[in-house]
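Q: One structure is given below, represented as structure tokens, and several questions about it will come after.
What follows draws every value from the coordinates through simple rules; no lab data is involved. Fair warning: this is a prediction, and the values are worked out from it, not measured in the lab. Please note: Cβ atoms are built from the backbone with ideal geometry, for glycine as well, and neighbour counts cover all protein chains shown.
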Amino acid sequence: MRILFLGDVVGRTGRTAVRDRLTPLRERLKADFVILNAENATSGIGLSGDHAKQLLESGADVLTLGDHAFDQKDMLTYIEREPRIIRPLNYAKNAPGIGARVFDAPGGRKILVAQVLGQVFMKRPFDDPFSAVDAVLKKHPLGGLAAATVVDIHCEATSEKMGMGHFCDGRASLVVGTHTHVPTADTQILSGGQRSSQTQGCAAITTPSLA
Ligand SMILES: [Fe+2]
Ligand SMILES: [Fe+2]
């Protein structure tokens, strides 16, 4: 399965780029499934329902959020009506929406998408991301219901992103860092990936922290 992950989509510029370029990019890359991090897509702070709809209509299959998940207040209710939006697993116990879901992909395959917030250097405290991810991966072992598993680790510290990559090694297809708005320049195939097929390996993509 070919998965395209884009993030973070920021403001009108990001939305316009997605609207104009996602379809040709998707075709060029022959992507089966597209995930966007969209926590900053509305004026750089949060995601409104209208903008979520636009991004989904532009060709995204799933949108992930982050620490700004509910900065646009209508997302508190919109997320309950739109299953293609994922908020962090450990955002808050009674937060609306869900932090992980299995989606349909082409060819009858399934893909699990999960998002979690880190704790290091974040402006607010969040529950332990590792136990939150562990529970989801135990419930959905790779190669079971889901042919691929993507974990979005939304945090500041490169070390925490790498930690999550190693924690999920062999249990997720892709661990990708969001939140810091820097290019993906350090993709790695971790050792657990060598023991399984390409869709069952674990690539950790981490992004350095912004000052
Ligand atoms: Fe963020
Ligand atoms: Fe962000």
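Q: Output the peptides 104-111, 177-184 sorted from most to least packed, where packing is the average of other Cβ atoms within 10 Å over each peptide's residues.
A: Numbers: 104-111: 14.0, 177-184: 18.8.
Per-residue Cβ counts within 10 Å, averaged per peptide and sorted highest first, yield 177-184, 104-111.
Q: Mind checking which aspartates and glutamates have their C-alpha under 19 Å from LYS30, skipping anything on the same chain fewer than 8 residues away?
A: Answer for LYS30, where 19 Å is the Cα cut-off: ASP20, GLU57, ASP61, ASP104, listed by chain and number.
Q: Net charge near CYS155: determine it from the other residues with C-beta under 11 Å of the C-beta of CYS155, scoring Lys and Arg +1 and Asp and Glu -1. List each step's numbers first, then the result.
A: On the way: positive: LYS161; negative: ASP67, ASP152, GLU156, GLU160.
Counting the neighbours of CYS155, the net charge comes to -3.
Q: Which trypsin sites (Lys or Arg not before Pro) does the range 6-104 hold that lie in a coil by DSSP with at most 11 other beta carbons within 10 Å?
A: Those satisfying the criteria are LYS30, LYS73, LYS93.
Q: Report the dimensions of the range 3-205 along its three principal axes from the alpha-carbon atoms, largest first, rounded to Å.
A: Cα spread of the range 3-205 along its principal axes, largest to smallest: 43, 40, 31 Å.
Q: Next question. So which aspartates and glutamates pass the test for LYS93, namely a Cα distance under 13 Å, with those fewer than 8 places away in the same chain ruled out?
A: Answer for LYS93, where 13 Å is the Cα cut-off: ASP127, ASP128, listed by chain and number.
Q: Cα to Cα, under 16 Å, and not fewer than 8 places away if on the same chain: which lysines meet these conditions relative to LYS139?
A: Hits, sequence-local ones excluded: LYS110.
Q: Rounded to the nearest 0.05, what FRET efficiency do MET122 and ARG19 have when you use their Cβ-Cβ distance and R0 = 45 Å?
A: Numbers: r = 31 Å, r/R0 = 0.68.
Computed FRET efficiency for MET122 and ARG19 comes out at 0.90.
Q: Roughly speaking, what is the stretch gain from LEU29 to ALA135, that is 0.36 nm per residue apart minus the C-alpha to C-alpha distance, in nm to one decimal? The partial results should precede the final answer.
A: On the way: separation 106, 0.36 × 106 = 38.16 nm, distance 3.23 nm.
So the extension gain works out to 34.9 nm.
Q: Share of antiparallel DSSP beta bridges in the range 3-205, in percent to the nearest 5?
A: Details: 7 of 32 bridges.
Here the antiparallel bridges make up roughly 20 percent for the range 3-205.
Q: Right, next: Calculate, in nm to one decimal, what ALA185 and SER159 gain on full extension: separation in residues at 0.36 nm each, minus their alpha carbon distance. Walk me through the intermediate numbers first.
A: Values: separation 26, 0.36 × 26 = 9.36 nm, distance 1.50 nm.
Gain on stretching ALA185 to SER159: 7.9 nm.
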